[in-house]
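Step one of this worksheet: look at the structure below.
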Amino acid sequence: MGSTSTLQDLGSSRESRRRRLGRRTGFAVLALVVAAGLGGLFGPSESTASAQGGGYTLTVTHGAKVRSGQPVPLEITVEAPAPFSGPVELAFDPDVFERLDFQNWYPNPDGETRSDEELTYEFEPPDGNVLVVHLDARVSPGLGISRHEHWVAVVQEGEELVRTDYTVWAMP
């Protein structure tokens, strides 16, 4: 006659402790991921990059962590040592326009020039010595998890006066 014990297939107490430890470790990792998400670690964020050169200060406020289809901040501020006497030219890394869907500029540029290396926009000089440009944009769909380096420069007569680089992380 066979054994009728209900305990015969349970394994050793050492194996039970190992399984229990594995479950607890799994729950702890899951709890850390949830806490990081609630704390905004995986959510959208913005950052500022700034540089000085040629008498100008260039500041770019941009999305540091972005998600596909979501709005992304992109604001460029150019501060000159004196009031602007002519148009202000901003050169952009053309890849930024591949990764962001732009809806509109504030103010709208008056001219545009493109080469393989850059996309240059010309803006009428503002009153005073500060130009602020806002770009209404959303992250292009389907970027997945990726890291992208971009740049913006103030250009005068084809010569770069000041440039700043910035990094954008795309999250799914």
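Note on D110 and T48: the extension gain reaches 19.7 nm, defined as 0.36 nm multiplied by sequence separation minus the Cα-Cα distance. Per residue of the chain, what 222 nm ellipticity follows from adding -39500 (n - 2.57) for every DSSP H run with n ≥ 4, rounded to the nearest 500? Helix-only estimate at 222 nm: -5500 deg cm²/dmol.
One chain, two ends: I145 and L32. Fully extended at 0.36 nm per residue, the span grows by 38.7 nm beyond their Cα-Cα distance.
What you get for the stretch 45-171, charging only the Cβ of Lys and Arg (+1) and of Asp and Glu (-1), is a dipole of about 700 debye around the Cα centre.
May I ask for the net charge around V132, where only other residues with Cβ less than 11 Å from the Cβ of V132 are counted and Lys, Arg are +1 while Asp, Glu are -1? Cβ neighbours under 11 Å give a net charge of -2. Taking label points 7 Å from Cα along the Cα-to-Cβ direction, E117 and R138 give a separation of 3.5 nm. Principal-axis analysis of the Cα atoms of the chain puts helix 13-38 at an angle of about 20° to the longest axis.
Bear in mind these aren't lab numbers, they're just calculated from the coordinates by the rules spelled out. A quick note: this is a predicted structure, and the numbers were derived from the prediction, not measured. No Cβ is skipped: glycine too gets one built from the backbone with ideal geometry, and neighbour counts run over all protein chains shown.
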